[in-house]
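Structure first, commentary second.
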Amino acid sequence: MKSLEEILAFNEKFVENKDYEAFITDKFPDKRMVILSCMDTRLVELLPKAMNIRNGDVKIIKTAGAVVSHPFGSVMRSIMVAIYELKADEVYVIGHHDCGMSAVSVDKMVEKMKERNVSPEIFSTLEHSGIDIEAWLRGFKDVSESVQNSVEVIKNHPLMPGDVNVHGLVIDPATGKLDVVVDGSKNK
Ligand SMILES: [Zn+2]
């Protein structure tokens, strides 16, 4: 795989030249925030820059669509660890306009899986094991609504401490402009 070779060659120089020194920090977020955002490529550098976030400032969790799809899945677990173990005391759910998860067609994705030789029997086996592929892959129609839902899941989680603010925002992936959907410091 070519990209792995390129990465390793770059990495050797990076470490050799001590380029890491500009990033030295510890594991505790200086701004005591945990952010759940989307894995979208446009947000890799834009989101931290648009929020004045630097290395060491925050915990960032990324998923497709910035969605908490299960209250006891790995995203929620990461949020819990950030709060209880790493001293985060504010949660930001940040979706974005033009999100790939708002355009996901489950049928088409299943078709692509079949084209790439996932056997059709697999789907019936999963179905019989109680796994709802459709619900698992499904995206959302409205990003603000989706952010609001995830905020609710986090805020109302039975293991969530009451003193943590949970905010919901939507970012523009072109300009970095943030719009507030839920201000977690209000209506507590
Ligand atoms: Zn997205």
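The values are calculated or read from the model by the stated rules, or taken from the named source; none is laboratory data. Nothing here was measured: the structure is a model prediction, and the numbers come from that model. In this analysis, Cβ positions are derived from the backbone assuming ideal geometry, glycine residues included, and neighbour counts consider all displayed protein chains.
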Give segment 90-111 a look and list any residue that's in contact with a helix residue (DSSP H, G or I) (Cβ under 8 Å, 6 or more places away or on another chain) and modelled with pLDDT of 95 or more, or say none.
Val91, Val93, Ile94, Gly95, His96, His97, Cys99
Scan segment 56-68 residue by residue and report those that are away from the ligand (no atom under 12 Å from the Cβ) and in contact (Cβ under 8 Å) with a residue 60 or more places away in the chain.
Val68
Just give me the residues in segment 60-89 being within 26 Å of Gly100 (Cα to Cα), touching a Lys or Arg at 6+ places or on another chain (Cβ under 9 Å) and surrounded by 21 or more Cβ atoms within 10 Å (Cβ to Cβ), in sequence order.
Ile79
Regarding segment 134-148, can at least one residue be identified that is modelled with pLDDT under 95, more than 16 Å from the ligand (Cβ to nearest atom) and not in a helix (DSSP H, G or I)?
no
Filter segment 98-132 down to the residues that are within 28 Å of Arg42 (Cβ to Cβ) and among the hydrophobic types (A, V, I, L, M, F, W, C), then identify the one that is surrounded by the most Cβ atoms within 10 Å (Cβ to Cβ).
Cys99
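Matching residues to (1) touching a helix residue (DSSP H, G or I) at 6+ places or on another chain (Cβ under 9 Å); (2) more than 16 Å from the ligand (Cβ to nearest atom):
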{"position": "Lys13", "(1), (2)": "yes, yes"}
{"position": "Met33", "(1), (2)": "yes, yes"}
{"position": "Cys38", "(1), (2)": "yes, no"}
{"position": "Glu45", "(1), (2)": "no, no"}
{"position": "Arg54", "(1), (2)": "yes, yes"}
{"position": "His70", "(1), (2)": "yes, yes"}
{"position": "Val81", "(1), (2)": "no, yes"}
{"position": "Tyr84", "(1), (2)": "no, yes"}
Given (1) outside any helix (DSSP H, G or I); (2) surrounded by 12 or more Cβ atoms within 10 Å (Cβ to Cβ); (3) without any contact (Cβ under 8 Å) to a residue 40 or more places away in the chain, index of the condition His167 fails
(3)
Between residues in segment 29-48 that are at positive phi and residues that are away from the ligand (no atom under 12 Å from the Cβ) and not in a strand (DSSP E or B), which pairs lie under 8 Å by C-beta distance while being six or more apart or on different chains?
Arg32/Lys87; Arg32/Ala88; Arg32/Asp89
